[in-house]
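Colleague: Encoded as structure tokens, here's the structure I'll be asking about.
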Amino acid sequence: MKINSLTKDEALRALVSTDEGLTEAEAVKRLSESGPNEIRETRKKSLIIRALHQITHFLAILLWTAAMLSFLSEYLHPGEGMMPLGLAIIGVIMINAVFTFVQEYRAEKAIEALKMLLPFFVKVIRDGMEKEVPSREIVPGDIIYLSEGDRVPADSRLIESSLLRVNNASLTGESETLNRDSLPAEGELLESPNIVFAGTTITSGSGKALVFATGMGTEFGRIAHLTIAVEAGPSPLQQEIIRMTRLIAVLSTLMGIVFFAAGQVIGRGFWESFLFAVGIIVANVPEGLLPTVTLSLAMGSQRMAKRRALIKTLTSVETLGSVSVICTDKTGTITQNNMTVAKIWHGFTVLDAREFTGSSSDPLLRAVRFCNNSKVIGNQYRGDPTEIALLRFAIDKAGDMQGERIMEIPFDSDRKMMTTLHAIDGLKLSFTKGAMESVLPLCTGLLNSGRTVALDEQIKKDALAAYHDLMDKGLRVLAFAFNDYSDQTPETQHLESGLIFLGLIGLEDPPRPEVPAALIKCRDAGIRVIMITGDGSRTAVAVAREIGLVNEKPLVVEGSELAEMTDRQLREKLSSEEIIFSRMAPKHKMRVVTVLKEEGKRVAVTGDGVNDAPALKKADIGIAMGLTGTDVAKEAADMILLDDNFATIVNAVEEGRAVYENIRKFMTYILSSNIPEIVPYLLFILLKIPLPLTIMQILAVDLGTDMLPALALGAEKPTPDLMKKPPRAPGERLLNRGLLGRAYLFLGPIEAAAGMFGFFFVLLSGGWQWKEPLAPDNSLYIQATTACLTAIIITQAANVFACRSAQRSVFVPGFFSNRLIFSGIAFEFALQFFIVYHPWGNKIFSTAPVPIVVWLVLIPYALLLLGADEARKAIVGRRRQRCSS
């Protein structure tokens, strides 16, 4: 038998408890049996597993392979400098792993700091005395006290109740407050009026309750557990990096095998060919890409944090940039979550709230003040947000009126109204407040200018027209009525009959001022915004029109309609240009998100309740509310809005797009240097010349000189037209033909030509003859490889400017608009001077000082690279203009 159907005594016996509560000894015993009253993160990976993941993903495995090949080469053929290479690659893997782990761990700790869902202390009865204990120590069988403003610490059966009302929004998504009592009831627990659930809020009244479920055994915990079953899947960036690294791995391995075989065919020795093959593989693997991507994402997450968006995992930064649909709540995200009285219909006139004047004897203000369960405690208003707004309005207009409440007929979701009876200044007055369709039929008269007139059909039509007009303005409208029982003692059943209609009050939750501009930005960016709200259709449409979300007559789908639709019908509805979902429960939101994803959309969804968690996890980007969101919602989300503001989502999308563009920029930059690293090995094997570039010198470029300039490209600001382009298609690749062609067939060959020119310039200037063998320690040979390395550095300095945009001239964004680039180039040249002119650099990288003339003859190649890329951009730009016209 369910606990809600038991009497108080039966419930106490079922949980082996008494009116005096548990003993401390019994509470300690039950705590050890049931565990602490907290939501555990089911199947959460341990720190060790999460740390290991950072060194075992596909790109890391590719680097591990390169390191192992280096160690194998050193073991089988020592003295070729392969040991330092292997150690350096492992260093890259570990540094990147530590950095990523620390960044995500810090985000996790920041999220834990936001967790304020369950109360810290709860009043309980133990050993017959009232005590305060930490909420995590509550156990089944405890008797707890509940009062206005409290959060319920565990699922409990009410055993005493005094006008107790609860807000289940955190659990069900429905903001309407519900009456609760202690009488036995049949039916499901969620619908039972004698059950209060963990994480919900007591809005008014008081009571005592018997705890029957704690922690993961609560309804709250059950939903948290179900969230685990929803697989989030890899982010778009993770998928792209996996594809890219597989492609690089296959190409590198094939090239290594082919040129090892070629070396053997033309008579090179086994170890010479093997060393060459390892060099080709290492030259193809962009060792600097992994830390550069990680640092770029980290910088993006920090920029988002400054814009009030907390990113939990680094890859979510880029995923935001691919979003094509945003499913957003209304209350608190589109609006300010600050209910205020906006309009009053009184005496056949609609007045702005600021224009309304009244006194403590005004019946409408009395009804607003007394038919109200919110309170002022100290300097704070406590209670339901709507009632707080009404109370604040009444006090502002007429001061704190005095009266004694005699009785109350509580609000009921079926009746949709409440009535109170009061003794005020020697009078006995009843006040009724509720939905227009509930209150108006109970009225026989209307108060106009202090006189009561009969409520005929015309007056009813006028009142209904005013009601609909206020609703169409996006207001939540309540009707008020009263009666005077000073000369009689009314019976309860007669309190809500023969009423005198007082008027209508429209309340608004004003839209956030930033939202209209943010919606325009979304429209320009090709991002569809769909409002999914628990509010009524008229209010939702009015607010949507006010903020510019819809222009024409939108299609409105209510939760009850959605529940009866097939997925095919829902897809047809979603194809409508303008659509709003109203009266929606969180389970409906999950279904909308699922269908959108099946349609190939990249979906971001907002949520704050426990039941929102599955939808948040299912979405490509789940966005939880930092101010009002529940613990479970924050845990399931990828991003947390620290200000609950829709405009922050749009700002984060812009940052995500910028991160994606910047990753492509520095990938072009990094991959460009692969060609001047590969070409020396090809010429070495094909032309039988001395090897122009050593493996350690390749590493000097990939992990040394290229790093800071690449990071500077990762910090580029969003371009002005970034949010005027449609979201990239799901099938669009990070590493596409255009990027590869520009890096490998255009920029890279220019750098390779510079490197080979520098190499042969030094050799020929030193009297070298073609095919003359040179020992690895020959000073002329070492100078020549140094010149080849220097040429790559000089052209890469020009390349960083070229890579700032694939289409726009280097002068368009402003040559000096990214000062980090100059810092990166300064570091690049400082490191190169160390490598070329310092004894330690000479020893580590097998280099030797070169005369200044070598630098001077190589500088024209940097100018050639910039000029050639500017010409390419101009040609492509003209073609694009012709195509568009």
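Colleague: Consider V317 carefully, then state whether it is open to solvent by less than 10 Å² (accessible area, probe 1.4 Å) and either assigned to a strand (DSSP E or B) or closer than 15 Å to I649 by Cα (or both). If you could, list the steps in order and put the result at the bottom.
Modeller: Numbers: open to solvent by less than 10 Å² (accessible area, probe 1.4 Å): yes; either assigned to a strand (DSSP E or B) or closer than 15 Å to I649 by Cα (or both): yes.
Judged against the criteria, V317 is a match.
Colleague: Looking only at the stretch 384-421, which residues are surrounded by 21 or more Cβ atoms within 10 Å (Cβ to Cβ) and over 18 Å from L478 (Cα atoms)?
Modeller: Matches in the stretch 384-421: L421 only.
Colleague: Taking the stretch 25-40, which residues are among the small types (G, A, S) and not in a helix (DSSP H, G or I)?
Modeller: G35
Colleague: If D620 satisfies all but one of (1) modelled with pLDDT of 85 or more; (2) among the acidic types (D, E); (3) in the same structural domain as F829 (by TED's automatic domain parsing), what's the number of the condition it fails?
Modeller: (3)
Colleague: State whether the residues of the stretch 400-413 include one that is hydrophobic (A, V, I, L, M, F, W, C), touching a Ser or Thr at 6+ places or on another chain (Cβ under 8 Å), within 19 Å of T349 (Cα to Cα) and in a loop (DSSP other than H, G, I, E, B).
Modeller: For the stretch 400-413, residues hydrophobic (A, V, I, L, M, F, W, C), touching a Ser or Thr at 6+ places or on another chain (Cβ under 8 Å), within 19 Å of T349 (Cα to Cα) and in a loop (DSSP other than H, G, I, E, B): absent.
Colleague: Restricting to the stretch 469-484, and then to whatever is among the charged types (D, E, K, R) and closer than 30 Å to N338 by Cβ, can you tell me which residue is least open to solvent (accessible area, probe 1.4 Å)? Full working, then the answer.
Modeller: Here is the first cut: in the stretch 469-484, the residues among the charged types (D, E, K, R) are 469, 472-473, 476, 484.
When the remaining residues are screened for being closer than 30 Å to N338 by Cβ, the result is 469, 472-473, 476.
Numbers: D469: 68, D472: 87, K473: 95, R476: 106 Å².
Selected residue: D469.
Colleague: Would you tally the residues in the stretch 422-468 being in a loop (DSSP other than H, G, I, E, B) and open to solvent by 40 Å² or more (accessible area, probe 1.4 Å)?
Modeller: Count: 5.
Colleague: Condition test on L562, is it over 30 Å from D721 (Cα atoms) and of a type in the set (A, V, I, L, M, F, W, C)?
Modeller: yes
Colleague: Here is a further query. Does R157 qualify as being open to solvent by 10 Å² or more (accessible area, probe 1.4 Å), of a type outside the set (G, A, S) and assigned by TED's automatic domain parsing to the domain that holds T200?
Modeller: no
Colleague: Give A342, A423 a once-over and let me know the one that is modelled with pLDDT of 90 or more, among the small types (G, A, S) and under 38 Å from the mean Cα position of the chain (by Cα). Break it down stepwise before answering.
Modeller: Numbers: A423 fails: under 38 Å from the mean Cα position of the chain (by Cα).
Matching residue, one of A342, A423: A342.
Colleague: Given the conditions (1) open to solvent by 10 Å² or more (accessible area, probe 1.4 Å); (2) outside any loop (DSSP other than H, G, I, E, B), report the number of the one that E677 does not fulfil.
Modeller: Going through (1) open to solvent by 10 Å² or more (accessible area, probe 1.4 Å); (2) outside any loop (DSSP other than H, G, I, E, B) one by one, E677 breaks only (1).
Listed here are the residues, each with its yes/no results for (1) without any contact (Cβ under 8 Å) to a residue 60 or more places away in the chain; (2) in a strand (DSSP E or B); (3) out of contact with any Ser or Thr (no Cβ under 9 Å at 6 or more places or on another chain); (4) among the hydrophobic types (A, V, I, L, M, F, W, C).
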{"position": "C327", "(1), (2), (3), (4)": "no, yes, no, yes"}
{"position": "T331", "(1), (2), (3), (4)": "no, no, no, no"}
{"position": "A342", "(1), (2), (3), (4)": "no, yes, yes, yes"}
{"position": "V350", "(1), (2), (3), (4)": "no, yes, yes, yes"}
{"position": "F356", "(1), (2), (3), (4)": "yes, no, yes, yes"}
{"position": "L364", "(1), (2), (3), (4)": "no, no, yes, yes"}
{"position": "N372", "(1), (2), (3), (4)": "no, no, no, no"}
{"position": "V376", "(1), (2), (3), (4)": "yes, yes, yes, yes"}
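Colleague: Filter the stretch 57-71 down to residues that are modelled with pLDDT of 70 or more, farther than 15 Å from I695 by Cα and touching a helix residue (DSSP H, G or I) at 6+ places or on another chain (Cβ under 6 Å), then give me how many there are.
Modeller: 2
Colleague: Please indicate, with yes or no, whether at least one residue in the stretch 521-529 is acidic (D, E) and modelled with pLDDT of 90 or more.
Modeller: yes
Colleague: Still on this structure, I have one more. Taking the stretch 773-829 as the region of interest, how many residues are closer than 28 Å to P851 by Cα, open to solvent by 20 Å² or more (accessible area, probe 1.4 Å) and of a type in the set (S, T, Y)?
Modeller: Here the count works out to 3.
Colleague: If I filter the stretch 716-725 for residues that are free of Cβ contacts under 8 Å to residues at least 40 places away in the same chain, under 23 Å from A525 (Cα atoms) and not assigned by TED's automatic domain parsing to the domain that holds G755, do I get at least one hit?
Modeller: Looking for residues that are free of Cβ contacts under 8 Å to residues at least 40 places away in the same chain, under 23 Å from A525 (Cα atoms) and not assigned by TED's automatic domain parsing to the domain that holds G755, one finds at least one in the stretch 716-725, hence yes.
Colleague: Kindly list, by first and then second residue, each pair from a residue in the stretch 256-269 that is closer than 14 Å to I678 by Cβ and in a helix (DSSP H, G or I) to a residue that is aliphatic (A, V, I, L, M) and at pLDDT 80 or above, limited to pairs with Cβ atoms under 8 Å and residues at least 6 apart or on different chains.
Modeller: Listed by first residue and then by second, the contacts come to F259/L682.
Colleague: Another one. Just a yes or no: is a residue in the stretch 386-398 assigned to a strand (DSSP E or B) and of a type in the set (D, E, K, R)?
Modeller: no
Colleague: Same structure, new question: What do you reckon, is E74 of a type in the set (D, E, K, R), closer than 30 Å to T694 by Cα, outside the structural domain of F220 (by TED's automatic domain parsing) and at pLDDT below 75?
Modeller: no
Colleague: Continuing with this model, one more query. Can you give me the ranges of the strands (runs of 3 or more DSSP E) entirely in the stretch 592-672 with at least 1 residues that are surrounded by 24 or more Cβ atoms within 10 Å (Cβ to Cβ) and of a type in the set (S, T, Y)?
Modeller: 603-607
Colleague: Which residues, counting only those in the stretch 548-577, are open to solvent by less than 50 Å² (accessible area, probe 1.4 Å) and in contact with a Lys or Arg (Cβ under 8 Å, 6 or more places away or on another chain)?
Modeller: The answer is V557, G559, L562, M565, L570.
Colleague: Limited to the stretch 733-763, what total is found for residues that are open to solvent by 30 Å² or more (accessible area, probe 1.4 Å), out of contact with any helix residue (DSSP H, G or I) (no Cβ under 9 Å at 6 or more places or on another chain) and free of Cβ contacts under 8 Å to residues at least 12 places away in the same chain?
Modeller: Residues that pass the stated criteria total 1.
Colleague: Now, a different point. Quick one: would you say F356 is in the same structural domain as N483 (by TED's automatic domain parsing) and closer than 25 Å to D472 by Cα?
Modeller: Yes.
Colleague: Further question: If we keep just the residues of the stretch 485-513 that are of a type outside the set (K, R), buried (at least 16 other Cβ atoms within 10 Å of the Cβ) and within 30 Å of the chain's Cα centre (by Cα), which is nearest to T349 (Cα to Cα)?
Modeller: E508
The values are calculated or read from the model by the stated rules, or taken from the named source; none is laboratory data. None of these values were measured; they are calculated from a predicted model. Methodologically, a virtual Cβ is constructed for each residue, glycine included, from the backbone with ideal geometry; neighbour enumeration extends over all protein chains shown. Areas reflect the complete protein model, heavy atoms only, side chains present, ligands, DNA and RNA absent. Shrake-Rupley method; radii C 1.70, N 1.55, O 1.52, S 1.80 Å.
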